[in-house]
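Chemist: Okay, handing you the structure first.
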């Protein structure tokens, strides 16, 4: 697929309007409104407790929504499920579960295989291919509990790749992984963007935002700023998102 | 099986079926971290059994089992209600429900036993289980239940694996978490309800928990774990029931638990994936290698963890 470059304004992949969500008494998201266009790679940045993970979960109906509207490719999530790939935090599953890396990647194909049907050889090959793209071909038959944290994250990425979705939402895929894995993951995400897909990543490391992402969504319960990295990722905006204590952005070591 | 009476044969077949079904559903409960939940549900079934008897005034198995299912479900709802509407954690909520429902059941039992004819009701056998009292109808019931559980596992193996490993991702693919939870709870309650007559409310959970835990020591594949757990459950059921029929009046539950515990002990010590013996041997091998070759010469692959 070629990046959209014609005169007509392309349709946003994701539209969020006036989204509200809460945990018990604490309001976590207030009036969150933004749009994400195809062919963009966006970092969702904000302090702890700003509601970054909750934003993803609420958009995907994994967390109750108090109000607002979310549209994926112009329609509700339940109609667009197969177009949306979600990569949850690595810690959200039990890696002691008895299965191997290839099997986990195959799970990404379950929606396409169809319920109550078994995956075939073709599906297995697709899954192997995705593992190879993440540099994990040699670990296909490895028990998932015996993978390192970075390798587990690569398996999750491979599982998202086989879904062949148009919009990817990733919850801290770079948390606790080494430099090699970070590069492998980000190169993969750039390839997706080049194919015209929309990628949004909850990201914690302010040092690398400018290196990897073309758009930034600054979040602290509500949208502080959203747009191209160069315009949005400014000391002033960061100070507003993180509160007064982060006065100056540290220079990024090259 | 030569020399066994018809009745003894029915009992053994019944326990084989029950153990198989419990072993399969027990794997689901294991990966849902619901081991204690199954214990709470089994205990919560007792008041329903007694109420079912008291309501009719005579012993009718279907009514008593319906009562058991109803009160077990009330117990399950109570646990999730306590957890979601208060600061009480789930394990504490299950502890409360387990003991309160069991206490209520024993209290009702004491009242019913004082009623005329109540002393001969045989309700006491629901506490520790009395497999020897089972008849042909029970065998059919347990075979049907085992067949249903087996069918569900065979047809939707892939769906269960996905749901148990990563429910949030499963929902993203369109596999309803609520539907899977409801199916799981139904299977769990069915197995418990048909099992309490033979194994008893106190020890029923053991037949759900121990086979699954034992199977985990032998395999790294979910399908194999299910198969082994079914095998261990069926084996423990048959062995325990056989011993308990040797002498009239022996309760079945304790013997089944002892048989299951034996399987667990062997798995724990000699299991091929996580057993103690295996771990000791791996450790010795590592130490031997460390002595012969102080420095590792071959390079690690990118991203590979240290062995």
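Only the coordinates and a few stated rules stand behind these numbers; no lab work does. Every value quoted in this text rests on a predicted model; they were computed, and no experiment measured them. When we count neighbours, we look across all protein chains shown, and the Cβ atoms used for this are built from the backbone with ideal geometry, even at glycine.
Chemist: Report, to the nearest 10°, how far helix B:61-85 tilts away from the longest principal axis of the Cα atoms in chain B, using its own Cα long axis and a range of 0 to 90°.
Modeler: For B:61-85 against chain B, the angle is about 50 degrees.
Chemist: Please compute the average number of Cβ atoms from other chains found within 10 Å of each residue's Cβ in peptide A:97-105.
Modeler: That average works out to 5.
Chemist: With each pseudo-label sitting 7 Å past Cα toward Cβ, what's the residue B:144-residue A:17 distance in nm, one decimal?
Modeler: Here the modelled spin labels are 5.4 nm apart.
Chemist: As an exercise, use a Förster radius of 22 Å and the Cβ-Cβ distance of residue B:273 and residue A:138 to find the FRET efficiency, rounded to the nearest 0.05. Don't skip to the answer; put the middle values down first.
Modeler: Working: r = 21 Å, r/R0 = 0.95.
For R0 = 22 Å, the calculated efficiency reads 0.55.
Chemist: Multiply the residue gap between residue B:248 and residue B:261 by 0.36 nm, knock off their C-alpha separation, and tell me the result in nm, one decimal place. Display every interim value, and only then the final one.
Modeler: On the way: separation 13, 0.36 × 13 = 4.68 nm, distance 2.33 nm.
Extending this stretch completely gives an extra 2.4 nm.
Chemist: Between residue A:240 and residue B:55, what is the spin-label point distance in nm, taking each point 7 Å from the Cα along the Cα→C-beta axis?
Modeler: Each label point lies 7 Å from its Cα, and together they span 6.3 nm.
Chemist: Mind listing the Cα extents of the range A:18-84 along all three principal axes, in Å, largest one first?
Modeler: Ordered largest first, the range A:18-84 gives principal extents of 33, 24, 18 Å.
Chemist: Counting other beta carbons within 10 Å of each residue's own, what order do A:116, B:255 fall into, fewest first?
Modeler: Ascending Cβ contact count within 10 Å gives the list A:116, B:255.
Chemist: Roughly what angle does helix B:46-56 make with the longest principal axis of chain B, taking Cα atoms, 0 to 90 degrees, to the nearest 10?
Modeler: 20 degrees
Chemist: Using Cα-Cα distances under 8 Å and only pairs 6 or more residues apart, what relative contact order does chain B have, in percent?
Modeler: Relative CO of chain B lands at 28 percent.
Chemist: Shifting gears a bit: If R₀ is 25 angstrom, what is the calculated FRET efficiency for the pair residue A:69 and residue B:181, using the beta carbon separation as r and rounding to 0.05?
Modeler: 0.35
Chemist: Let me know the whole percent of all Cα-Cα pairs from the range A:144-224 that are separated by more than 15 Å.
Modeler: Looking at the range A:144-224, the distances longer than 15 Å represent 59 percent of pairs.
Chemist: Cα gyration tensor of the range B:24-149, axes a ≥ b ≥ c as square roots of the eigenvalues: rounded (a/c below 1.5), prolate (a/b > b/c) or oblate?
Modeler: Numbers: a/c = 2.44, a/b = 1.31, b/c = 1.87.
In terms of gyration-tensor shape, oblate.
Chemist: Build a GNM of chain B with springs between Cα atoms under 10 Å: which of B:191, B:11, B:155 gets the top mean-square fluctuation?
Modeler: Maximum among the listed residues: B:155.
Chemist: Something else about it: From the gyration tensor of the Cα coordinates in the range A:50-133, what semi-axes in whole Å does the equivalent ellipsoid have, largest first, with each one equal to sqrt(5λ)?
Modeler: In descending order, the three semi-axes are 28, 17, 11 Å.
Chemist: Whole angstrom only: what separates the Cα centroid of the range B:222-288 from the Cα centroid of the range B:23-97?
Modeler: When both Cα centres are located, 26 Å separates them.
Chemist: So what's the angle, to the nearest 10 degrees on a 0 to 90 scale, between helix A:149-163 and the longest Cα principal axis of chain A?
Modeler: The helix A:149-163 is inclined about 80 degrees to chain A.
Chemist: Could you order the peptides B:56-62, A:165-171, B:91-97, B:44-50 from most to least packed, using the average number of other C-beta atoms within 10 Å per residue?
Modeler: With the highest mean Cβ count within 10 Å placed first, the list reads B:44-50, A:165-171, B:91-97, B:56-62.
Chemist: What shape does the range B:155-304 have by the C-alpha gyration tensor, where a ≥ b ≥ c are the square roots of the eigenvalues, rounded means a/c under 1.5, and otherwise prolate means a/b greater than b/c and oblate the rest?
Modeler: oblate
Chemist: If you don't mind, there's one more thing I want to ask. How do B:157, A:72 line up, fewest other C-beta atoms within 10 Å first?
Modeler: Taking fewest neighbouring Cβ atoms as first place, the list is B:157, A:72.
Chemist: Could I ask something else about it? Taking beta carbons within 10 Å but only from partner chains, what does the mean come to for residues B:214-224?
Modeler: 3
Chemist: Now, a different point. Most fluctuating residue of A:235, A:47, A:98 in a GNM of chain A with Cα springs under 10 Å: which is it?
Modeler: Comparing A:235, A:47, A:98 in the GNM, the peak value goes to A:98.
Chemist: Also, I was wondering about something else. For the range A:88-118 and the range A:133-169, what is the separation of their C-alpha centers, rounded to whole Å?
Modeler: With the range A:88-118 and the range A:133-169 each reduced to a Cα centre, they are spaced 10 Å.
Chemist: Right, next: Inverting the mean 1/r over all pairs of different Cα atoms, compute the Kirkwood radius of the protein assembly as shown and quote it in Å.
Modeler: It is 26.6 Å.
Chemist: Can you give the relative contact order of the range A:17-104 as a percent, counting alpha carbon pairs under 8 Å and 6+ residues apart?
Modeler: With pairs under 8 Å counted, the relative contact order is 28 percent.
Chemist: On to the next question. Could you grab the relative contact order for chain A? Cα pairs under 8 Å, six or more apart, rounded to a whole percent.
Modeler: With pairs under 8 Å counted, the relative contact order is 26 percent.
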